[in-house]
Every structure is written in C-alpha cells, then in structure tokens.
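The values are calculated or read from the model by the stated rules, or taken from the named source; none is laboratory data. Not measured: the values here are computed from a predicted model. Cβ placement follows ideal geometry from the backbone for every residue including glycine, while neighbour counts extend to all protein chains displayed. For the accessible areas, the whole protein counts, side chains as well, though only heavy atoms, and no ligand, DNA or RNA atoms are used. Shrake-Rupley method; radii C 1.70, N 1.55, O 1.52, S 1.80 Å.
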Amino acid sequence: MGNTFCLFCGCVAQSSVGVVEQWGRFHRLAQPGCHFFNPLAGECLAGILSTRISSLDVRIETKTKDNVFVQLLCSIQYRVIKENADDAFYELQNPQEQIQAYVFDVTRAIVPRMNLDELFEQKGEVARAVLEELEKVMGEYGYNIEHILMVDIIPDPSVRKAMNEINAAQRMQLASEYKGEAEKILLVKKAEAEAEAKYLGGVGVARQRQAITDGLRENILNFSHKVEGTNAKEVMDLIMITQYFDTIKDLGNSSKNTTVFIPHGPGHVRDVGEQIRNGLMEAASAQVNVEE
C-alpha cells in the first residue's frame with residue numbers, strides 16, 4: 001500500500017517518513033501509519049521521504065600521475081536518516097547533485113597523486129576517502145552514506161591496448177625462458193645418457209673381450225692336455241682357422257649384406273692369428289705395467 005493522504009488524514013507507508021507542517025513551518029515527523037491532521041489549526045502533510053537505500057552511479061573522468069586519462073564508475077548507496085528527515089527535506093533540493101559534486105571533488109583530488117597501477121591496486125583507498133568526506137558533509141543534511149563501491153576503472157582504449165601488449169610481451173619472454181631452460185635440461189640429460197651409454201658399452205665390450213680371452217685360454221689348455229704332442233700355438237692356429245671359416249659362413253648367410261672383398265688363403269689366416277696374438281700380448285703387458 002502506497003502513501004495516501006487527504007486534507008484531514010494521511011497514511012504513511014512502511015520505510016517512509018512524513019513531514020508535517022503547521023502554518024507553513026515544520027511541526028513534526030509522521031512515522032509509518034495513519035495520521036489525522038487539523039486543518040483548522042494549520043496542520044498539513046507537506047511531503048513524504050523514503051528511508052530505503054537509494055543508489056547513485058557516478059562516472060568520473062580524471063587523470064593519473066603518469067598522465068593517463070581514466071574513467072571511474074562509482075556507486076554510492078545512501079538513505080535518509082529517520083530522526084533527521086526534516087533536514088533532508090528542507091536543506092537539500094537535489095541531494096543527488098550534491099553527492100555527485102563531492103564525489104567529483106574528492107576523486108579528482110586523490111587520483112592525480114597515483115600512478116595507473118597504484119590506482120588499480122588502491123581503488124579501495126579512493127572509495128574510503130570519498131566515503132569519509134560524504135559522511136561528514138551529508139550527515140549534516142540528514143543523509144547517511146551506507147556504502148561506496150568503486151565499480152570499474154576504465155583507462156583510455158589506447159592505454160588498455162598498450163597494457164595488453166606489454167603483458168603479452170612479458171608472458172612471451174617468460175615462456176621463452178622456460179622453454180630455454182627445458183631445452184637446456186633436455187640437452188644435459190641427453191649428454192649424460194650418451195656418456196652413460198658409452199661407458200656401459202665400453203664395460204660390455206671389455207667384458208665380452210675378457211670372456212672371449214678366458215674361453216680361448218680354457219680351450220687351448222684343454223686341447224693341449226687331451227691331445228699329446230700339441231702346443232698352445234698350434235691349438236691357437238686351429239681355433240683361428242675355425243673362427244675364420246665361421247665368419248665367412250655368417251657373411252654368406254646374411255640377407256642384408258652387400259658385396260664384401262676379403263683376402264682369402266692360409267697365409268691370410270696366419271697373418272690374422274699373429275695380429276690377434278700380438279694384441280693379446282700387448283694387452284697383457286700393459287695390464288702388468290699398470291699393476292706394478
């Protein structure tokens with residue numbers, strides 16, 4: 001039910017307060033409910049004020065310390081103080097314009113002392129300063145400032161584009177650094193793996209050769225003991241000839257080999273055997289020197 005009134009009575013709705021005059025002067029406040037007036041005594045209902053919270057959006061254009069023009073969207077929530085509704089009714093003709101003027105004044109005094117980045121970081125400080133000033137001023141006129149919200153900060157479009165490009169460049173630089181570190185780690189790990197593989201390959205080759213040497217030695221000793229009248233050199237020559245023919249057989253059976261030219265004949269087998277014996281003797285001599 002809204003506010004209704006006539007010459008003799010009036011009904012003030014909830015969340016509202018009526019202003020009653022007598023002979024043109026303020027007489028009293030009418031709280032929500034039904035009220036009777038005596039027109040013979042000069043009483044009348046001069047007006048009704050809402051005590052609900054009202055919202056006023058103010059757009060302010062100003063300049064920061066680093067000469068960047070920005071627009072600030074500020075939302076002010078205010079209401080009439082019931083006990084001082086007469087001041088709100090008689091003192092201010094247009095409270096919205098009054099509030100807007102103080103918001104302009106305080107904001108344009110604070111923002112020029114901040115850089116653009118500081119303004120984004122400290123927009124709450126700007127809202128707090130505006131709130132303190134409005135509470136002090138508007139309280140004298142019967143208005144209470146409930147909240148002030150700095151809703152948005154809008155720089156010039158060219159400035160926003162430049163800020164986005166700077167941010168994108170910084171992220172690209174950071175991504176390049178991470179990519180470089182990853183490639184560095186990959187190369188280091190690859191080099192370590194290659195070194196480890198070569199080391200293990202060398203160990204494997206050394207063990208393989210050691211096993212071949214031990215096997216040859218054992219075969220020579222067994223053959224020498226079982227066949228009388230033979231010495232180690234003759235047994236070694238026989239083993240070398242056997243290995244030589246096995247190698248030629250493997251080359252012939254392989255399906256992926258190409259044409260291979262190798263010298264062939266008993267003399268060549270003898271030369272190969274002498275080279276292997278010399279290599280084994282040199283290796284054994286070098287091992288003895290190291291142990292000494």
* Asked: Could you give the distance between the Cα centres of segment 38-72 and segment 155-206, to the whole Å?
  -> 58
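For segment 7-51, would you read off the P(r) tail past 16 Å as a percentage of all alpha carbon pairs?
Values: 273 of 990 pairs.
Tail of P(r) above 16 Å: 28 percent of Cα pairs.
Using the Cα centre of segment 53-155 as the reference point, and only Cβ charges (+1 on K/R, -1 on D/E), how large is the resulting charge dipole? Debye, rounded to the nearest 20.
Numbers: 10 positive and 19 negative charges, 51 e Å.
The dipole of segment 53-155 has a size of about 240 debye.
Taking the solvent-accessible surface of protein heavy atoms with a 1.4 Å probe, what is the per residue accessible area of segment 53-155 in Å²?
54
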* Structure fact -> The answer for residue 143, listing residues at least 5 apart or on another chain whose modeled amide H is closer than 5 Å to its amide H, is 81
* Once every Cα of segment 53-155 carries one equal point scatterer and solvent is ignored, give the base-10 log of I(q)/I(0) from the Debye formula at q = 0.23 Å⁻¹, two decimals. => -1.14
* To do: For segment 9-93, build the charge dipole from Cβ charges (+1 Lys, Arg; -1 Asp, Glu) around the Cα centre, then report which of 48, 75, 88 sits farthest towards its positive end.
  => 75
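In cubic angstrom, how much convex hull volume per residue do the alpha carbon atoms of segment 1-92 span?
Values: hull volume 10.3 nm³, N = 92.
With only Cα atoms used, segment 1-92 gives 112 Å³ per residue.
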* Asked: Got a sec to turn the phi values of segment 107-124 into Karplus ³J(HN,Hα) couplings, 6.51 cos²θ - 1.76 cosθ + 1.60 with θ = phi - 60°, whole Hz, x for Gly and Pro?
  -> 5, 6, 8, 9, 4, x, 8, 10, 6, 5, 5, 5, 5, 5, 6, 10, 5, x
